[in-house]
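J.: Right, I'll just put the structure down here and ask away after.
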Amino acid sequence: MAHSIELLFDPDTEAAIRRMWDKLAAARIPARVPPGRPHVTVAVSQRIDAVVDELLGPVMRRLPLRCVVGAPLVFGRGSVVLTRLVVPSGELLDLHAEVHRMCGSHLLPEPMGNSLPGQWTAHVTLARRLDGAYLGQAVEIAGRPVQLDGQFTGMRRWDGDKRVEYHLG
């Protein structure tokens, strides 16, 4: 199971994203709403050494960090993942690169390629395993409001094997 380092939203932005999850579920669109908290994954690997919790102290001092949740974004074909883009501000890209500089050697055996600087698409997941036949309806629901202005106020390390989160900072 994957391990990750994730940015967490302020309470108002988190609540707005949860409302999107609720609306998708209420529409009975066949898809899997993510469990847990809305987040933006900044690093992923098969395992992440717990030493990163302390190493990420300087990154935590960058928070809160303004964020803009933008347009719906789809990953895959057929059964897709529906997300909302998190607009890649210079500050967010710098934070992302710093996480990888500080923690890269502790992402074992190596970071997943799609989470590396230059290959990463910042996003928050709204639904997984969404049948493409329902994509239009899902995008219509998930695309409102058109933009969310919020903040990242926390960070965690997620242990996917134990299904445990470790709050940082």
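The values are calculated or read from the model by the stated rules, or taken from the named source; none is laboratory data. Keep in mind it's a predicted model, so treat the numbers as computed, not measured. No Cβ is skipped: glycine too gets one built from the backbone with ideal geometry, and neighbour counts run over all protein chains shown. The accessibility values were calculated without ligands, DNA or RNA, using every heavy atom of the protein model including side chains. Shrake-Rupley method; radii C 1.70, N 1.55, O 1.52, S 1.80 Å.
J.: Using a 10 Å cut-off on Cβ atoms, rank the peptides 33-46, 15-28 from the highest mean neighbour count down.
T.: Listed from highest to lowest mean packing, they are 33-46, 15-28.
J.: Which chymotrypsin sites (Phe, Trp or Tyr not before Pro) from the stretch 108-169 combine a DSSP loop assignment with at most 10 other Cβ atoms within 10 Å?
T.: Those that pass, being in a loop and sparsely packed, number zero.
J.: Rounded, prolate or oblate for the stretch 70-143? Axes are the square roots of the Cα gyration tensor eigenvalues, ordered a ≥ b ≥ c, and the cut-off for rounded is a/c under 1.5.
T.: oblate
J.: Select from the stretch 107-169 those trypsin sites (Lys or Arg not before Pro) which occupy a DSSP coil region and have at most 15 other Cβ atoms within 10 Å, ordered by residue number.
T.: Filter output for the stretch 107-169: 162, 163.
J.: Mind ranking 105, 89 by accessible surface for me, highest first, 1.4 Å probe?
T.: Largest accessible area first, the list is 105, 89.
J.: Quick check on the chain: of the DSSP beta bridges with both residues there, what percent are antiparallel, nearest 5%?
T.: Rounded to the nearest five, the antiparallel share is 100 percent.
J.: Further question: Rounded to the nearest 500, what is the chain's calculated 222 nm mean residue ellipticity when only DSSP H runs of at least 4 contribute -39500 (n - 2.57) each, over all residues?
T.: -7500 deg cm²/dmol
J.: Out of all Cα-Cα pairs in the chain, roughly what percent, to the nearest whole number, are more than 30 Å apart?
T.: 14
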